[in-house]
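Undergrad: Quick one: structure below, then a few questions.
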Amino acid sequence: MNRTRHSGLLRRLVLLISAVLIIGALCAYPLIAMAQPSAEPQPSGSSQPVYPSASPSSETDDKGTIAIPSVTSQEGKMYLAVTDAAIDDVDSQKIMDAVREAVDGQNAKILLGVDKKPNNLKGASQLVRGMLLFGNSDAMSDDWLENGKTKGYVGQGWIAIGVMLPETKDGDVEVFVDPGRNVRETEPGSKDRILDAGAPSFEAGDYTAGISAVAISTTENLRAPLDKKIAVSIVVGVLLLIAAVIVFFALRGRRRAQLQAAARKRIKQVEVWESSMHQDLNALRRTPMNDATEPALNRSAATIKEIQRQREQAITQRSTELESALDASAEPQISEQQAHEIEQRAERLSLLRRAVELARSLSGTASNSVKSWNQIIEQHHGGLKLLVQLLDTDGATALPVTPQVRTAIVTHTDALDQLQARAKTKLTEQEAAHLLEELWALREELDSLIDQALAQSQGASMKVDAKLAEQLRAFLPRAGANANDPISVLRTFAPSDGQH
């Protein structure tokens, strides 16, 4: 469609007929040229246009050429092509700045060409056709040879606009709009609004503003559907987003359920530890112990004295640990850190109860003291048997510690028999302390031999049975206290200086 700034009905009719004839000639020319590739070129003075143009070697050669502008500015979906003849009459950057936001909201790509008379083109429509055929854009339909005449030459998703500036300021500006096949008017008469959009600016001689108005009006009055690939990508993206949200909330709900289950489990555990602390405190109160008034003569006596002190402290303070546990169990939520602290307090109180029972028994004041002495001796015999198993392992004879182990197996066995005979007699408190000290010293030597044997066997790459190695490591001080191992319980409460 064509519209001039000051033209009458008759002139518009003449221009329209001329444009149709020119389009027909342009369409026929490429077909004729392909059908007759050996034909002689047209003389320079012919009225038939020549595409694409080349820089003329002389004024005579330039008479029949047509200059097709290349795309010089492109941003997003906006492509602007301005010929050298019109470059001084428009500001390309201002045009791009003015239409940037409007073009971003448009699905179609816009190819806008600007030229200025005088030239060999027959108007803005021929400018558009020339840019489609010989320009550097992809706006031309792929099947233009077969279906161009019936379906149009502009490809799907494109809008081609041609603006022909007059030779003088008082001349008419011609605008031509050629939408792609799938581009539709937003409502009837939209094309006319595009052609009229720049008229006020064109009349004022402001070509930059007029061209910008035409481009913006194009985005408002013509619409192209969203590209199928983009639409599919959007749909897939939305579906993936929905799936991600569903998975997120499912995982979040699962995590919340796990946290709630863990919180309920911690509350139950705290209740168990609370009950255990109640029982241990009651047992401490019921277990009588002699006041350790005499000075400690050795490590064993100092340890028993320390156990007595901690027992009195636990009873006197009326269970600070238990009160803390009760306060925690009353809270609606118990953190992992709180639960861990309560568990440690419960374990410590249980260990103190066991230590008090051993201290009372090994001090000779309990009827079952022989049982405690036998437990210490049996534990030691068990360690010696494990060392015997280690010596039976292939490669054990090469260990540096092997001779010491063999000697200890004999000497410790004899010593244990003698100590067990003494333990069966009625011992005074001091005698019991000396007996315990001797057994403790033997145990330290045994622990040292076990530690050396394990380290050397590992260095020698011996294949020590995993269960045997685990049992040997359980004897070492770093394994912690074992209720069935009296020495391991007592050394937990030993003063740091070993005596006081």
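The values are calculated or read from the model by the stated rules, or taken from the named source; none is laboratory data. On a predicted model such as this, the values are computed, not experimentally measured, just so you know. Using ideal geometry, Cβ is built from the backbone for each residue, glycine included, and neighbour counts are taken over all protein chains shown. Just so you know, the surface numbers come from the protein's heavy atoms only, side chains and all, with ligands and any DNA or RNA stripped out. Shrake-Rupley method; radii C 1.70, N 1.55, O 1.52, S 1.80 Å.
Undergrad: Can you tell me how many residues in region 243-265 are open to solvent by 90 Å² or more (accessible area, probe 1.4 Å) and under 21 Å from the mean Cα position of the chain (by Cα)?
TA: 8
Undergrad: Suppose we keep only residues that are open to solvent by 80 Å² or more (accessible area, probe 1.4 Å) and of a type outside the set (Asp, Glu) within region 428-439. Which one would you say is modelled with the highest pLDDT?
TA: Applying the filter and picking the extreme gives HIS434.
Undergrad: Only one of these conditions is not met by LEU442: (1) more than 57 Å from the chain's Cα centre (by Cα); (2) at pLDDT below 95. Which number is it?
TA: (2)
Residues checked against (1) modelled with pLDDT of 80 or more; (2) open to solvent by 60 Å² or more (accessible area, probe 1.4 Å):
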residue: PRO52; (1), (2): no, yes
residue: GLY64; (1), (2): no, no
residue: PRO69; (1), (2): yes, no
residue: GLN74; (1), (2): yes, yes
residue: VAL82; (1), (2): yes, no
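Undergrad: For residues that are acidic (Asp, Glu) and either touching a Cys at 6+ places or on another chain (Cβ under 8 Å) or free of Cβ contacts under 8 Å to residues at least 24 places away in the same chain (or both), tally how many sit in region 159-176. Please lay out each step first, then the result.
TA: Of all residues in region 159-176, those acidic (Asp, Glu) come to 167, 170, 172, 174.
Subsequent filtering for residues that are either touching a Cys at 6+ places or on another chain (Cβ under 8 Å) or free of Cβ contacts under 8 Å to residues at least 24 places away in the same chain (or both) retains 170.
The number of residues fulfilling the criteria is 1.
Undergrad: Within region 455-480, restricting attention to residues that are assigned to a loop (DSSP other than H, G, I, E, B) and open to solvent by less than 50 Å² (accessible area, probe 1.4 Å), which residue is modelled with the lowest pLDDT?
TA: From region 455-480, those assigned to a loop (DSSP other than H, G, I, E, B) are 460-465, 474-476, 480; that's our starting set.
Adding the requirement that they be open to solvent by less than 50 Å² (accessible area, probe 1.4 Å) leaves 462, 464, 475-476, 480.
Values: MET462: 84, VAL464: 89, PHE475: 90, LEU476: 92, GLY480: 89.
Step by step, filter region 455-480, then rank; the result is MET462.
Undergrad: Return the only residue of ASP172, ASP142 being at pLDDT below 80 and in a loop (DSSP other than H, G, I, E, B).
TA: Numbers: ASP172 fails: at pLDDT below 80.
After applying the criteria, what remains is ASP142.
Undergrad: In region 70-97, how many are in contact (Cβ under 8 Å) with a residue 60 or more places away in the chain and more than 40 Å from the chain's Cα centre (by Cα)?
TA: The number of residues fulfilling the criteria is 8.
Undergrad: Which ones in region 97-117 are open to solvent by less than 10 Å² (accessible area, probe 1.4 Å) and not in a helix (DSSP H, G or I)?
TA: Start the filter on region 97-117 by keeping residues that are open to solvent by less than 10 Å² (accessible area, probe 1.4 Å), which leaves 99, 103, 106, 108, 110-115.
Within region 97-117, GLN106, ALA108, ILE110, LEU111, LEU112, GLY113, VAL114, ASP115 meet the criteria.
Undergrad: Does GLU429 fit the bill of being among the charged types (D, E, K, R) and touching a Gly at 6+ places or on another chain (Cβ under 9 Å)?
TA: yes
The rows are residues; the columns are (1) open to solvent by less than 30 Å² (accessible area, probe 1.4 Å); (2) part of a loop (DSSP other than H, G, I, E, B); (3) in contact with a helix residue (DSSP H, G or I) (Cβ under 7 Å, 6 or more places away or on another chain); (4) closer than 22 Å to LYS94 by Cα.
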| residue | (1), (2), (3), (4) |
| --- | --- |
| GLY162 | yes, no, yes, yes |
| VAL177 | yes, no, yes, yes |
| GLU187 | no, yes, no, no |
| PHE202 | yes, no, yes, yes |
| GLY205 | yes, yes, no, yes |
| SER212 | yes, no, yes, yes |
| ALA215 | yes, no, yes, yes |
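Undergrad: Taking region 448-481, which residues are under 23 Å from ASN298 (Cα atoms) and either without any contact (Cβ under 8 Å) to a residue 60 or more places away in the chain or touching an Asp or Glu at 6+ places or on another chain (Cβ under 8 Å) (or both)? Step through it out loud before you land on a result.
TA: The initial filter retains those residues of region 448-481 that are under 23 Å from ASN298 (Cα atoms), namely 448, 475-478, 480-481.
SER448, PHE475, LEU476, PRO477, ARG478, GLY480, listed by residue number.
Undergrad: Is one or more of the residues making up region 226-238 surrounded by 11 or more Cβ atoms within 10 Å (Cβ to Cβ) and either in contact (Cβ under 8 Å) with a residue 40 or more places away in the chain or in contact with a strand residue (DSSP E or B) (Cβ under 7 Å, 6 or more places away or on another chain) (or both)?
TA: yes
Undergrad: Here's something else I'd like to know. Just to check your reading of the model, which residue among THR186, THR218 is polar (S, T, N, Q), in contact (Cβ under 8 Å) with a residue 24 or more places away in the chain and closer than 20 Å to MET131 by Cα?
TA: On the way: THR186 fails: closer than 20 Å to MET131 by Cα.
When all the criteria are applied, what remains is THR218.
Undergrad: Kindly indicate which of LYS191, LYS122 is touching a helix residue (DSSP H, G or I) at 6+ places or on another chain (Cβ under 8 Å) and either of a type in the set (A, V, I, L, M, F, W, C) or in a helix (DSSP H, G or I) (or both). Talk me through it step by step, then tell me what you get.
TA: On the way: LYS122 fails: either of a type in the set (A, V, I, L, M, F, W, C) or in a helix (DSSP H, G or I) (or both).
Result of the check over LYS191, LYS122: LYS191.
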